[in-house]
Amino acid sequence: MNCPYRILTILFLFSISVLLPLTAHAHKLRIFAWSEGDIIYGETAFSGNRKPKNAEITVQDAANHAVLLTTRTDEQGKFSFTMPDDAVREHLDLLLVVNAGEGHRGEWPLPAAEYLVLNTPPMSTGVKESKPTAVTNHASSPADPTNTVLVDEQLLRRIVDEELEKKLAPLRHMLAENKDNSPDLRDILGGIGYILGLAGLLAWMQAKKQQRSK
Amino acid sequence: MHISEGILSAPVLISGGVIAAAGTVIGLKKVDYARIMPTALLSSAFFVASLIHVPLGPGSVHLVLNGLLGIILGWAGFPAILIALFLQAIFFQFGGLVVLGVNTVTMAVPALCCYYLVRPWLKNPKTRPVAAFCAGALAIFLSSLLVALALALSDSGFLTTAKVIIGANVPIMIIEGFITMFTVTFLARVQPEILHLDQP
């Protein structure tokens, strides 16, 4: 009676050893997004690194799931959209949802804190253009020397922010990408261990039942 | 072919859960002392199979092995698949706990169909390879249909969804057909007891 199981076990262990190099592949639709200025960039992928093309992205208010806008992924599974004004004004926490059909769906939360900090200065307008707006906003008269200092400080802040953001963008991208942990050996062996443990439990219960009936 | 959380409507989820629970109870009754280990091993195989991706087709397809599981285990496929899917949901975040019932049904019902439809043909060594191939392919086909049905009952049209899913899974049907064929003929030659061919 032992022999068939031994063969099954060997078959099974063999198949596992063949599979292990492949374990980075998984079946899940992941999505991640990061902000650069007032534009949100995002990427989607099945964990086997296949890209869902033309998949629907819905941007929702995380609190009540009201849809703020929808967009679609391009050929590389990437997408981008400009922050909706409402969201910026009301500091909404966002939830990005990707739906690639066939029951594949992924979510990525994007809290207000993550995009608002960098969003306040209009990044795309650049340094030169932003100067006059700052002046009109914060100085009653442009000739006032104390206010010029203030403007310079703000300008400096903005430049630093902009530069930092440029340097941080790839880092954020990497962090976002790594948040998704694909299954590793530990998960697989853990799962198999569970199954064998359950089998042992079942065997023990049946053995007890047999003993009792004798 | 795992359906993610947040897609299906509540009635589909609940009926899926009820069917899966009923199947599991029947299945557990059928698992006698001698069948515990084969059930556990095939459950483990199913658990790991979903990590093997086939780089073909437009979508993301992976091995399922529910045909093989079905013809060997029959009703015991229900608990085997339920446990494997539960662990996949926990460890790999495939599917999810809320959709566990539906996912179990879409995998285990085709497995059971294979058991009843194909198993009679396994006894004859001549028809065995073809029958095993059919079991592997048929299980995936039926699973695709059930997934499409579950999605259709919740939202989009059945026919288009079914076409897309079946289309995406054609390569996997063929591959599973061959895997099931080789495994079954190998087992029949080396250790026919595993297949329980003497039993009805």
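Since every read-out is calculated from the coordinates, none of them should be taken as a lab result. Just so it is clear, the structure is predicted and the values come from calculations on it, not from any experiment. Positions of Cβ are generated from backbone atoms using ideal geometry, with glycine treated the same way; all protein chains shown enter the neighbour counts.
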Here, B:Ala22 and B:His196, labelled 7 Å along Cα→Cβ, have an inter-label distance in nm of 2.1
Diffing the range B:23-31: the Karplus 3J(HN,Hα) column from phi (6.51, -1.76, 1.60, θ = phi - 60°), in whole Hz with x for Gly and Pro, holds x, 5, 4, 4, x, 5, 5, 7, 7
Relative contact order as a percentage, chain B, C-alpha pairs under 8 Å and 6+ apart, gives 26
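Once you charge only the Cβ atoms, +1 for Lys and Arg and -1 for Asp and Glu, what is the size of the charge dipole of chain B about its Cα centre, to the nearest 20 debye? Present the calculation step by step, with values, prior to reporting the outcome.
Numbers: 9 positive and 6 negative charges, 100 e Å.
Once rounded to the nearest 20, the dipole reads 480 debye.
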Along the range B:6-13, Karplus-curve 3J(HN,Hα) (6.51, -1.76, 1.60; θ = phi - 60°) to the nearest Hz, with x for Gly and Pro, reads x, 10, 7, 7, 4, x, 5, 4
Charge tally for neighbours of A:Asp74 with beta carbon under 12 Å away, counting Lys, Arg as +1 and Asp, Glu as -1, is +2
In this structure, the FRET efficiency calculated for B:Lys123 and A:Leu171 from their beta-carbon separation, with R0 = 45 Å, to the nearest 0.05, is 0.15
The lysines whose Cα lies under 19 Å from the Cα of B:Lys163, excluding any fewer than 8 residues away in the same chain, are A:Lys53
Checked the range A:26-117 against the a/c 1.5 cut and the a/b vs b/c comparison, axes a ≥ b ≥ c from its Cα gyration tensor; verdict prolate
Checked against a 32 Å limit on the C-alpha separation, the offending pairs among B:Lys29/B:Lys123; A:Lys51/B:Lys123; A:Lys28/B:Lys126 are A:Lys51/B:Lys123; A:Lys28/B:Lys126
Diffing the range A:70-79: the Karplus 3J(HN,Hα) column from phi (6.51, -1.76, 1.60, θ = phi - 60°), in whole Hz with x for Gly and Pro, holds 10, 8, 9, 7, 8, 4, 9, x, 9, 8
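Semi-axes of the equivalent ellipsoid of chain B: what are they in whole Å, largest first, if each equals the square root of 5 times a C-alpha gyration tensor eigenvalue?
On the way: eigenvalues 138, 74, 42 Å².
Over the Cα atoms of chain B, the semi-axes work out to 26, 19, 14 Å.
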To the nearest 0.05, the calculated FRET efficiency linking A:Gln210 and A:Leu185 through their beta-carbon distance, R0 being 35 Å, is 0.40
